[in-house]
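J.: The following block contains the structure, expressed as structure tokens.
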Amino acid sequence: LLLSDCVSGIQMLSVQPDTKPKGCAGCNRKIKDRYLLKALDKYWHEDCLKCACCDCRLGEVGSTLYTKANLILCRRDYLRLFGVTGNCAACSKLIPAFEMVMRAKDNVYHLDCFACQLCNQR
């Protein structure tokens, strides 16, 4: 799963009292709160930077957001909508797009299936 072209960082910044208020990319109003978020080279109210699918506040669920098809998404919804599923190289069962995996060269494994072939230790 190649996410690098769709991942952006989220920074929480303190608003300095002596600076001109920044405009929010979400609602276009001035940000007069104590903190603001910086993402996608824009400034946001904490309430305005939300996932387009589940409406979760992205500043609260992590330090990254995902963009694709003009949507701003949380990790879970990005993977649900655009993730590529595959089969585990050890058990051959399907790996859901939102599940954490281990990778070794071209192989993908469930976390529980990633083990030493000689001693079976994870």
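J.: Condition first: closer than 16 Å to residue 8 by Cα, surrounded by 14 or more Cβ atoms within 10 Å (Cβ to Cβ), aliphatic (A, V, I, L, M) and in contact with a Lys or Arg (Cβ under 6 Å, 6 or more places away or on another chain). Can you find one or more residues in the range 21-39 that meet it?
T.: yes
J.: Any idea which of 55, 106 is exposed (fewer than 13 other Cβ atoms within 10 Å of the Cβ) and either among the small types (Gly, Ala, Ser) or outside the structural domain of residue 42 (by the TED database) (or both)?
T.: Unique residue meeting the criteria: 106.
J.: Might you check whether a residue that is within 30 Å of residue 104 (Cα to Cα), hydrophobic (A, V, I, L, M, F, W, C) and open to solvent by 60 Å² or more (accessible area, probe 1.4 Å) occurs anywhere in the range 1-15?
T.: Yes, because at least one residue in the range 1-15 is within 30 Å of residue 104 (Cα to Cα), hydrophobic (A, V, I, L, M, F, W, C) and open to solvent by 60 Å² or more (accessible area, probe 1.4 Å).
J.: So how many residues does the range 58-77 have that are modelled with pLDDT under 95, open to solvent by less than 30 Å² (accessible area, probe 1.4 Å) and under 10 Å from residue 10 (Cβ atoms)?
T.: 1
J.: What number of residues within the range 1-24 satisfy the criterion of being without any contact (Cβ under 8 Å) to a residue 24 or more places away in the chain and not basic (Lys, Arg)?
T.: Number of matching residues: 11.
J.: Do we find that residue 122 is in contact with a Phe, Trp or Tyr (Cβ under 8 Å, 6 or more places away or on another chain), outside any strand (DSSP E or B) and surrounded by fewer than 12 Cβ atoms within 10 Å (Cβ to Cβ) in this structure?
T.: Answer is yes for this residue.
J.: Output the number of residues of the range 40-56 satisfying the condition of being under 16 Å from residue 7 (Cα atoms) and either over 12 Å from the mean Cα position of the chain (by Cα) or of a type in the set (Lys, Arg) (or both).
T.: Number satisfying all stated conditions: 6.
Conditions (1) in a helix (DSSP H, G or I); (2) at pLDDT below 85; (3) among the hydroxyl-bearing types (Ser, Thr, Tyr); (4) within 27 Å of residue 68 (Cβ to Cβ), marked per residue:
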residue	(1), (2), (3), (4)
81	yes, yes, no, yes
84	no, yes, no, yes
91	no, no, no, no
97	no, yes, no, yes
102	no, no, no, yes
109	no, no, yes, yes
117	no, yes, no, no
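J.: Further question on the same structure: Consider residue 83 against the criteria (1) open to solvent by 60 Å² or more (accessible area, probe 1.4 Å); (2) under 27 Å from residue 46 (Cα atoms); (3) more than 11 Å from the chain's Cα centre (by Cα): it satisfies all of them except one. Which criterion is unmet?
T.: Residue 83 satisfies every listed condition except (1).
The values are calculated or read from the model by the stated rules, or taken from the named source; none is laboratory data. Predicted model, so just to flag it, every value in this text is computed and none were measured. FYI the Cβ positions are ideal-geometry reconstructions off the backbone, even for glycines, and counts take in every protein chain you see. Ligands, DNA and RNA are excluded from the accessible area calculation, which covers all protein heavy atoms including side chains. Shrake-Rupley method; radii C 1.70, N 1.55, O 1.52, S 1.80 Å.
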